[in-house]
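Worksheet: one structure, shown below.
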Amino acid sequence: MSSITEASGAEIIIKLLERQKISVVAGIPGGSILPLYDALGRSSLKHILVRQEQAAGFFAQGAARSTGTPAVCFATSGPGAMNLLTAVADARADSVPIVIITGQVNTECIGTDAFQEVDTFGLSFPITKHSIMVKSAAELLEAVPKAFSLAASGRPGPVLIDVPRNVQTERISFSAWPEPGEAVKGAACFRTPDSFYGKILEQAAEILAEAGKPVILAGGGCNSPDVAAGLRRLTEVFPVPVATTLMGTGCVPADNPLLLGMVGMHGSLTANKAVHDCDALLAVGTRFDDRAAGLAEEFCPRAKIIQIDIDAAEINKLLPAALSIVGDAESALPVLAHMLEEKLKGKETNSAFWLEKNKAAVISEKKKFPSPVKDFISSIPAAAGKYGIEAGNLIVTTDVGQHQMWAAQSYPVLRPRQFLTSGALGTMGFGLPAAMGAAAANPGKRVICLSGDGSIQMNIQELATLAENGFNITVIVFDNGILGMIRQQQDFSFGGRHSACIYSKAPDLLKIAGAYGIPAADADSPGWEKTAFEGSGPRFIRFRVDPEADVFPFVVPGTANIKAVKKKQ
């Protein structure tokens, strides 16, 4: 006979998180979530007290993006939940699996404009993968495991559970704990039926084998070890040029000779031209968003597009596919590789000349667009190596702006989940809290947070959280005294008329870091590498940037990728 367990709603949540093997959560307490914090304080979970709830969401993102498994954050009702929503929307846009637990006013107060009441469930619904409002403690036994399963299955994303205060204090009896929620293998809505799956991949193999100018475009859906392995196998049997999106950075190592670089607004000339000129495009885990595709009708105008995506809503949404598979790339790519291997046995591909031409173009382009910022960014792994840190053990986060694009263009990313950045939503303030989440989830690695003086000030209060927890993070801020990307777009699209992009009173960032007790140095000072990388704990480095420096190549919004601007006019 099974024993009966008695627990409060708050205790149920904490126990279920422990059963999910969650070890760290981030958040800030408030009145409507205090019962949960009381249970948290009596648990094995470590809590990271951030200074603003948005940082809790980005902290969870950093952990989830770097590991591929769901992470958790807390917020109270009203302003706490509202502060968190930007990070939730960011997670939805970039398909990041996080579980958000928010406190809510007592059920009898809902709808009465009670203190710190907002409709978190309603506000979150458009920006989550799923939102749950629980009305009883018993519902938590199903809601929490379900949240983890939904967050990780199919196209990942954020799932929010809104829990009224009285549900947290309600005590119930039950006979058994539910099993932890797990990712459902191969989950996809409207998945391509098995009866068509093989036939479509066979047709795709035929198109690729016959193509004279094939290109693989790898997006964020390829940025996992399993999919990257499938991609590697495919290019071993069918060596063709590979371009990535910003979110796909890392699925092909930077030193792979097949890699053309990134497509899009600040993509490489070689990648953008190859995609434009190709006659067959295998698009895997990418949705052809405007920053990657530019002017859609001129993205790959003569290509037969073969699209593989786990989300049926992304098929034919922006560009028409000749063939499409709704399903996970992890399963599809090995099958496609096997079919191509069989078709090409003893044969020369039609694309050998095309491949060599693009390899040469990549080598040639590396000599163009000189930039002291890019040179510095590309040298970071070597600088860390002097202090015993292997390049593969570095994780990089960025904020949003010019520094983000310089980093995407020049940092030598070697593996999936090594380069973490806010892509679709482009949220300034992402980098520092995401770095802390990555550091907490990967205690044996050093995290590099690349930020700008504009972005770092979006969540600069989190330097306190960084110092308090002693995370192994090196923050490198590119300081030019302006909102650099805004200034650049105003130069190229608005006749050089600068509006609200120049800081007339800039802080001394090194002194701010020092005030939190974080060792800090300028990148042009002797010994900066030692400050940045010797030993453990947080570090802060400032790299001064010419305010007139631009990121090239640059595709002016509304124009085709192949019409990139290569220098200041």
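The values are calculated or read from the model by the stated rules, or taken from the named source; none is laboratory data. Bear in mind that the values here come from a model prediction, so they are computed numbers and not experimental data. Cβ sites come from the backbone with ideal geometry, for glycine too, and all protein chains shown count toward neighbours. Just so you know, the surface numbers come from the protein's heavy atoms only, side chains and all, with ligands and any DNA or RNA stripped out. Shrake-Rupley method; radii C 1.70, N 1.55, O 1.52, S 1.80 Å.
Rolling a 1.4 Å probe over the protein heavy atoms leaves residue 265 with an accessible area of roughly 20 Å². Projecting the Cα atoms of 554, 466, 442 onto the dipole axis of the stretch 411-569, where Lys and Arg carry +1 and Asp and Glu carry -1 at the beta carbon, places 554 farthest toward the positive end. Computed from backbone phi with θ = phi - 60° and the Karplus coefficients 6.51, -1.76 and 1.60, the 3J(HN,Hα) list for the stretch 120-136 is 4, 4, x, 5, 7, 4, x, 10, 10, 6, 7, 10, 10, 10, 8, 10, 8 Hz; x is used for glycine and proline. In terms of the mean number of neighbouring beta-carbon atoms within 10 Å, the peptides 41-52, 552-563 order highest first as 552-563, 41-52. Computed in the context of the full set of protein chains, the accessible area of the chain at 1.4 Å probe radius has 54% of its extent on carbon or sulfur. Enumerate the aspartates and glutamates that residue 568 could reach by cross-link, defined here as Cα to Cα under 13 Å, with residues fewer than 8 away along the same chain left out. Straight-distance partners of residue 568: 491, 548, 550. Exceeding 26 Å between C-alpha atoms, which entries from my cross-link table qualify? They are 21/386; 304/357; 15/129. In this structure, 21/386 lie more than 26 Å apart at Cα.
Rounded to the nearest Hz, the phi-derived 3J(HN,Hα) couplings of the stretch 221-232 under the Karplus curve 6.51 cos²θ - 1.76 cosθ + 1.60 (θ = phi - 60°) are x, 9, 8, 9, x, 5, 5, 4, 5, x, 5, 4, where x marks glycine and proline. Take the alpha carbon gyration tensor of the stretch 34-88, find the square roots of its eigenvalues, order them as a ≥ b ≥ c, and report rounded if a/c is under 1.5; if not, report prolate when a/b exceeds b/c, else oblate. Note, shape of the stretch 34-88 comes out oblate.
Given R₀ = 41 Å, FRET efficiency for residue 342-residue 512 by Cβ-Cβ distance, to 0.05?
About 0.10, to the nearest 0.05.
Proximity of backbone amide H atoms, modeled 1.01 Å from N, is registered between residue 305 and 281, 322, 323 at under 5 Å, excluding neighbours fewer than 5 places apart on the same chain. Nearest 5 is fine: what % of DSSP beta bridges in the chain come out antiparallel, could you say? Antiparallel bridges: around 10 percent, rounded to the nearest 5.
The label point for residue 43 and the one for residue 136, both projected 7 Å from the Cα toward the Cβ, are 2.3 nm apart.
Compare 37, 411, 503 by solvent-accessible area with a 1.4 Å probe and give them largest first, with all protein chains kept in place.
Output order, biggest surface exposure first: 503, 37, 411.
Specify whether the C-alpha gyration tensor of the stretch 437-476 places it in the rounded, prolate or oblate class, a ≥ b ≥ c being the square roots of the eigenvalues: rounded for a/c under 1.5, otherwise prolate if a/b is larger than b/c and oblate if not. Cα axes put the stretch 437-476 in the oblate bin.
Dividing the summed helix terms, -39500 (n - 2.57) for each DSSP H run of n ≥ 4, by the number of residues in the chain produces a 222 nm estimate of -11000 deg cm²/dmol to the nearest 500. Identify the residues of the stretch 300-322 with backbone N under 17 Å of a label point that sits 7 angstrom from the Cα of residue 290 along the Cα-to-Cβ direction, or state none. The answer is 317-319, whose backbone nitrogens lie closer than 17 Å to the label point. Residue 345 contributes an accessible area of around 130 Å² to the protein surface, as traced by a 1.4 Å probe with all chains present. By the rule of a second cysteine Cβ within less than 4.7 angstrom, the chain holds isolated cysteines at 73, 109, 189, 278, 300, 449, 501. Ligands, DNA and RNA are left out, and with a 1.4 angstrom probe the accessible area of the chain is 40 Å² per residue.
Phi-derived couplings, Karplus 6.51 cos²θ - 1.76 cosθ + 1.60 at θ = phi - 60°, listed residue by residue for the stretch 353-358: 5, 4, 5, 5, 4, 6 Hz, with x used for Gly and Pro. Computed from the Cβ-Cβ distance with R0 of 35 Å, the FRET efficiency linking residue 548 to residue 317 stands at 0.35.
A crude spin-label estimate for the pair residue 255 and residue 176, with each label 7 Å from Cα along the Cβ direction, gives 5.2 nm.
Placing dummy labels 7 Å off each Cα toward the beta-carbon, the span from residue 566 to residue 391 is 2.7 nm.
With a ≥ b ≥ c taken as the square roots of the eigenvalues of the C-alpha gyration tensor of the stretch 1-107, please select rounded if a/c is under 1.5 and otherwise prolate if a/b is larger than b/c or oblate if it is not? Oblate is the answer for the stretch 1-107, as a/c is 1.5 or above yet b/c matches or exceeds a/b.
When you filter the trypsin sites (Lys or Arg not before Pro) in the stretch 169-229 for DSSP loop state and at most 12 other Cβ atoms inside 10 Å of their Cβ, you are left with 185. The separation of the stretch 200-220 from the stretch 17-87, counted between C-alpha centres, amounts to 43 Å. Loop-resident chymotrypsin sites (Phe, Trp or Tyr not before Pro) (DSSP state other than H, G, I, E or B) in the stretch 171-202 with no more than 15 further Cβ atoms inside 10 Å of their Cβ: 190. In this structure, the amide hydrogen of residue 262, modeled 1.01 Å from its nitrogen in the peptide plane, lies closer than 5 angstrom to those of 244, 268, counting only residues at least 5 positions away or on a different chain.
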